[in-house]
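Heads up: the structure comes next, in structure tokens.
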Amino acid sequence: MSMFNPPPPAEFIREDVLPALNLTIGEAADQLGVCRAALSRVLNGRASITPEMAIRLEEWLRTPDGGGPSAESFLRAQASYDLWQARQQRERRGGVCIRRPAVLADDF
């Protein structure tokens, strides 16, 4: 089941984590070791969470007991978000004509 108009995957950091820690985007970017503009693009859904950023977020949000969101969870959320966005763009374009192969390989 897909979500309707999902938020950008890192939105919860902007909306929940930064206020809870009383941090600005610039301060969080410094802690993550990235530039403010790069983090802002990710937090506002204008750039994807890359594997490198996912690892940085995982390490930054790791709790003392080793909990917290994993890099994999960030990447799964990003992939789901990207897929939803791609489907919406495809729908707006009226779909794409796809030619199906006459014979599909058995190992698909």
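The values are calculated or read from the model by the stated rules, or taken from the named source; none is laboratory data. Only a predicted model underlies this, so the values are computations on that prediction, with no experimental measurement involved. FYI the Cβ positions are ideal-geometry reconstructions off the backbone, even for glycines, and counts take in every protein chain you see. Please note that ligands, DNA and RNA were not included when accessible areas were found on the heavy atoms of the full protein model with its side chains. Shrake-Rupley method; radii C 1.70, N 1.55, O 1.52, S 1.80 Å.
Is at least one residue of the range 62-69 in a helix (DSSP H, G or I) and either touching a residue at least 12 places away in the same chain (Cβ under 8 Å) or open to solvent by less than 70 Å² (accessible area, probe 1.4 Å) (or both)?
Residues of the range 62-69 that are in a helix (DSSP H, G or I), as a first pass: none.
Among the residues of the range 62-69, not one is in a helix (DSSP H, G or I) and either touching a residue at least 12 places away in the same chain (Cβ under 8 Å) or open to solvent by less than 70 Å² (accessible area, probe 1.4 Å) (or both), which makes the answer no.
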Any pair with Cβ under 7 angstrom, 6 or more apart, that starts in the range 14-33 at a residue that is of a type outside the set (Ser, Thr, Tyr) and ends at one that is not in a helix (DSSP H, G or I): 29/35
Hits in the range 31-49 - residues which are of a type in the set (D, E, K, R) and loosely packed, with under 14 Cβ neighbours inside 10 Å: 46
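Do you know which residues across the range 70-82 are aliphatic (A, V, I, L, M) and either open to solvent by 50 Å² or more (accessible area, probe 1.4 Å) or in contact with a Cys (Cβ under 6 Å, 6 or more places away or on another chain) (or both)?
75, 79
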Test: residue in the range 35-47 that is modelled with pLDDT of 95 or more, under 14 Å from residue 81 (Cβ atoms) and in a loop (DSSP other than H, G, I, E, B): yes
Subset of the range 1-37 [touching a Leu at 6+ places or on another chain (Cβ under 9 Å) and of a type in the set (A, V, I, L, M)]: 10, 13, 17, 18, 25, 28, 29, 32
